[in-house]
Every structure is written in C-alpha cells, then in structure tokens.
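K.L.:
The structure follows.
The values are calculated or read from the model by the stated rules, or taken from the named source; none is laboratory data. Just so we're clear, the structure is a prediction, and the values are computed from it rather than from any experiment. Cβ sites come from the backbone with ideal geometry, for glycine too, and all protein chains shown count toward neighbours. Quick note on the areas: whole protein, heavy atoms, side chains included, nothing else; ligands and nucleic acids left out. Shrake-Rupley method; radii C 1.70, N 1.55, O 1.52, S 1.80 Å.
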Amino acid sequence: MREYEIRTRVVVLDEQEQNATERELISAARRATESSYSPYSHFQVGVALRLQDGEIILGSNQENASYPVGTCAERTALFWCGANRPGTVITAIAIAAQTGGRFTTDPIPPCGMCRQALLEVEHRQGTPIRVLLYGENGTHCINSVRDLIPLSFDSDNMETCNTQT
Ligand code: THU
C-alpha cells in the first residue's frame, strides 16, 4: 500500500493584518456584490480580480429563471477578463457574498465548477493566483488555485497516459 496526504495552508487575516493591496481587492469584491442579479437565490456574490498591471476587474453572479443558465461571480469575472484583457496575468482573486443585507461571517469558497475554471487560467498563465475569501470573521488566504483543488485535472493530464506498444 502507498499513501500520501495533500495539505492546504490557509492563513486567516483580519483587516488590520491585510496590506493595502489586499484591503483594496477585498473591498472591491464587497462592492461587486451590488451588481449581482440574484432574484432566485437572494445570495449576492462579488468577485474582484487583480491583474498584473494593477487593474481590478469586477464580477457578480447573474441568475436566470431557467436556473442552470445562471453564472457564478467567479466565471463572470474570469470570462470577461479572457474576452477583454486576453493574455493578461491574474495575480489574485477576492470573493465576498452577502444575503439578507449582511455579509457572510464565514467565507464563500468557489464552487467546484469555478475552481476548475480558475485552474485553467492559472495553468495557462503559469503563475499562481492568490485567493482571498472574505468573511466578516476574517479573510481566508490561499496561495494558489491549485491548493483549492487538489488532485486536479488540467491539460497536462491528457499527455501523461501510459502508452503500451
Ligand atoms: N455562486 C457564486 O456566484 N459563486 C460561488 O462560488 C458559489 C455560488 C452563486 C450562484 C448562485 O447565483 C448563488 O450563488 C447561489 O448558489
């Protein structure tokens, strides 16, 4: 038998422990919840992406009467970025959510589909995207998307099968 363990390091920072750049990105993610279109879930998610040149891109969840058509905040921001800032490296993402007029006490981790979408970008650009998950009780910081999605599948996996001749 062989066994291995995969660990993820999460650092929880309160506002005073964050640097100015982190504070700005988290505050942008909180602001982004205001553009959420979520009449069905009443759950407003906001995302802010930091680009390498310093620009901040916002995204929010956009729902639909046909439920599966809606899109999470993370993919709204990522795909906007891919279409409008192609080739630009994303250095960090901050995510915040509110419901009933209050931000969540615990952070909102991205859903599995959004983790996969984020992983594609991280893998393609070849540099880590730092993840900042905002909650009223602290912001949970993770150094890369890969840490959020262990045993992940990316394009490299399609090139590493055992070929028997
Ligand atoms: N949602 C996001 O925008 N991001 C996530 O990572 C989790 C869920 C949205 C989808 C839906 O509009 C609402 O939150 C409730 O699931």
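K.L.:
Here is a list of conditions, (1) under 21 Å from residue 146 (Cα atoms); (2) buried (at least 18 other Cβ atoms within 10 Å of the Cβ), and residue 45 meets all of them except one; can you say which number that is?
P.N.:
Here residue 45 clears every test but (1).
K.L.:
Separate question: Residues of segment 1-20 being among the hydroxyl-bearing types (Ser, Thr, Tyr) and in contact (Cβ under 8 Å) with a residue 40 or more places away in the chain, which ones?
P.N.:
Our first condition is that a residue be among the hydroxyl-bearing types (Ser, Thr, Tyr); within segment 1-20, this holds for 4, 8.
Selection gives 8 alone.
K.L.:
Could you check, for segment 66-73, whether at least one of its residues is open to solvent by less than 70 Å² (accessible area, probe 1.4 Å), within 16 Å of the ligand (Cβ to nearest atom) and outside any loop (DSSP other than H, G, I, E, B)? Talk me through it step by step, then tell me what you get.
P.N.:
Filtering segment 66-73 down to residues open to solvent by less than 70 Å² (accessible area, probe 1.4 Å) leaves 66, 70-73.
Checking the rest, the ones that are also within 16 Å of the ligand (Cβ to nearest atom) come to 66, 70-73.
Add one more test, that the residue is outside any loop (DSSP other than H, G, I, E, B), and what stays is 71, 73.
Checked against the condition, which is being open to solvent by less than 70 Å² (accessible area, probe 1.4 Å), within 16 Å of the ligand (Cβ to nearest atom) and outside any loop (DSSP other than H, G, I, E, B), segment 66-73 yields at least one hit.
K.L.:
Do you know which residues across segment 43-56 are within 15 Å of the ligand (Cβ to nearest atom) and either of a type in the set (A, V, I, L, M) or assigned to a loop (DSSP other than H, G, I, E, B) (or both)? First the steps, then the outcome.
P.N.:
Of all residues in segment 43-56, those within 15 Å of the ligand (Cβ to nearest atom) come to 43-49.
Within segment 43-56, 45, 47, 48, 49 qualify.
K.L.:
Looking at 29, 96, 73 in this structure, which one is touching a Leu at 6+ places or on another chain (Cβ under 8 Å) and of a type outside the set (Val, Ile, Thr)? Explain how you work it out, then say what you get.
P.N.:
Values: 96 fails: touching a Leu at 6+ places or on another chain (Cβ under 8 Å); 73 fails: touching a Leu at 6+ places or on another chain (Cβ under 8 Å).
Result of the check over 29, 96, 73: 29.
K.L.:
Given the criterion on the phi > 0 side of the Ramachandran plot and without any contact (Cβ under 8 Å) to a residue 12 or more places away in the chain, identify the matching residue among 126, 138. Walk me through it before giving the result.
P.N.:
Values: 138 fails: without any contact (Cβ under 8 Å) to a residue 12 or more places away in the chain.
The conditions single out 126.
K.L.:
So, of the residues in segment 1-42 that are part of a strand (DSSP E or B) and open to solvent by 60 Å² or more (accessible area, probe 1.4 Å), which turns out to be nearest to the ligand (Cβ to nearest atom)? Full working, then the answer.
P.N.:
Quick first cut of segment 1-42, residues part of a strand (DSSP E or B) only: 11-13, 37.
Now restrict to residues that are open to solvent by 60 Å² or more (accessible area, probe 1.4 Å): 12, 37.
Working: 12: 19, 37: 8 Å.
The extreme case among them is 37.
Every residue, every condition in (1) part of a loop (DSSP other than H, G, I, E, B); (2) open to solvent by less than 30 Å² (accessible area, probe 1.4 Å); (3) basic (Lys, Arg), yes or no:
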residue: 59; (1), (2), (3): no, yes, no
residue: 75; (1), (2), (3): no, no, yes
residue: 79; (1), (2), (3): no, no, no
residue: 92; (1), (2), (3): no, yes, no
residue: 95; (1), (2), (3): no, yes, no
residue: 108; (1), (2), (3): yes, no, no
residue: 115; (1), (2), (3): no, no, yes
residue: 133; (1), (2), (3): no, yes, no
residue: 153; (1), (2), (3): yes, no, no
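K.L.:
Now for a different question. Pairs, please: C-beta under 6 Å, at least 6 apart or cross-chain, first residue without any contact (Cβ under 8 Å) to a residue 40 or more places away in the chain and farther than 12 Å from residue 48 by Cα and in segment 75-93, second part of a helix (DSSP H, G or I) and polar (S, T, N, Q)?
P.N.:
Qualifying pairs under 6 Å: 89/125.
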